[in-house]
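Undergrad: There's a structure below that I have some questions on.
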Amino acid sequence: MSSWNELLAPPSAPLTSTTLAVGFVAPVTDLGLIALDGEESASFLHNQLTNDVEHLGLAQARLAGYCSPKGRLLASFLMWRNETTIFLQLSRDIQAAVQKRLSMFVLRAKTKLSDATEAPAHQVVLGLGGGLAESVLRTWFDTLPAKPFDKLDHPLGTLIRVADAFDAARYQWLLSAEVAQTVAAELADRLTVGGNQAWHLSEIHAGIPRIAKSTQEQFVPQMVNLELLGGVNFKKGCYPGQEIVARSQYLGKLKRRTTLVAIPDPAAAAGAEVYATADPEQPCGMIVNAAPNGQGGVDALVEMKLAAIEAASVRLGSAQGPALAFLDMPYALDPLDL
C-alpha cells in the first residue's frame, strides 16, 4: 500500500491558477508552527502582536504581525487556539529566530514556547482549494467552516478556512499522519495534487502576504495590506512598533500598498526590487511573495508606491527589466472602498 506522501506527491511541473481553480490538494511542508502553553499565553502574545489575542475564540483563526520597535514586520502569522494552546503558523525559514526572540520577552509570564512542527506534536498540513474542494471535504466533515478564518475541531483534525482564492473557499486541514493515510487516496483521485508552490500561488491570489527571511524588517503592516485582512487591531494596547503602525494609519494617506502581478521571469523572488519607468533611478517597491504560475514566470504580491500601481508601468530589477502585468486583487486596496 502506498504511503500518504507518495499518493500526494506534488508534480514536477508548476500548476497554473486555472488548474488550481478547479480543485486541488497540496501537502504544505515549509510552514513552521510555534505553540504557546500556559495560563498567561494569550496576555503575553496580546502585548507582542498586532492583533487581539486575548479575545481569540476557539472557533476562529486570525492573521497577525510581529513588528520590530520601528514598526517593521519580523513575521506574519496565522494564529488559532484550542483549550490549552495557542498556535502561531509562520514561514519555516524564520521560525527558530522568531521563537527565540519571543522567548526573550517572556520574563515572568506563565507561558512556554515550543516548536510544534517537531514530533510528537507534528501534524500533516494539507492545503485545499478550488471549486471542488468543498464537496470533497464533505466526504469526511458534516459541516465546514462557514466563512474565512473560521475554524473547526474534529476527530479527524483541525480544519481552518482561510482567505478565498479563485472565487472559491480554501482550507488548511491539520491532521495526523495516520488520518492522512486513510484519506490520501480519495483526495488524490478527486483533486489535482500540488505542493508548496501550488499552495503559495493560491495564497498570492488570495492577497495574503507572508513574511520570510528575505523580507524581514522591510514592511510596515499596512504596506502589505495586513490591516485590510483583519490582521491589525487598532483598539488594542501597546505592542512593539505600535506607535509607528498607528501613525501610519491615522496621519496622512497611505502611500504604499501590495498588489497582484504576473512577472515573465521564473527567477523573480521575494525581496527583489521593482522600478517604475516614470522614476527609473530608484526602486518603487519590492516583491513580498512569488510562486511559479505554470506559464514560464511567476505570480507575485508586490509592495510598491500607490502612484506606481496607478501608472501600471513597473519592471523587475531595473527600469529596463521584465514588465509586470497587473492582475485584479481579490479585495479593494483603499479601505474606503471596502
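The values are calculated or read from the model by the stated rules, or taken from the named source; none is laboratory data. A quick note: this is a predicted structure, and the numbers were derived from the prediction, not measured. So basically every Cβ, Gly included, is an ideal-geometry build from the backbone, and we count neighbours across all protein chains shown. Areas reflect the complete protein model, heavy atoms only, side chains present, ligands, DNA and RNA absent. Shrake-Rupley method; radii C 1.70, N 1.55, O 1.52, S 1.80 Å.
Undergrad: Once all Cα-Cα distances of the chain are split into 10 Å bins that start at 0, what whole-number percent is in each one?
TA: P(r) for the chain, in whole percents per bin: 6, 26, 34, 25, 9, 1, 0.
Undergrad: While we're looking at this one, here's another question. Can you list the aspartates and glutamates whose alpha carbon sits under 19 Å from that of K213, skipping same-chain ones fewer than 8 residues off?
TA: Those aspartates and glutamates meeting the cut-off are D30, D93, D115, E203, E273, E303.
Undergrad: A further question on this structure: When only DSSP loop residues count, what GluC sites (Glu not before Pro) in the range 1-81 have their Cβ near at most 14 other Cβ atoms within 10 Å? If you can, show how the numbers build up before the last one.
TA: Values: sites: E6, E39, E40, E54; in loops: E39, E40, E54.
Answer in residue order: E39, E40, E54.
Undergrad: With every protein chain left in place, what is the accessible area of Y331 in Å² (1.4 Å probe, nearest 10)?
TA: Y331 exposes around 40 Å² with every protein chain in place.
Undergrad: When we measure straight from the Cα of K147, which lysines land under 29 angstrom away, once same-chain ones fewer than 8 places off are left out?
TA: Partners within reach: K235, K236.
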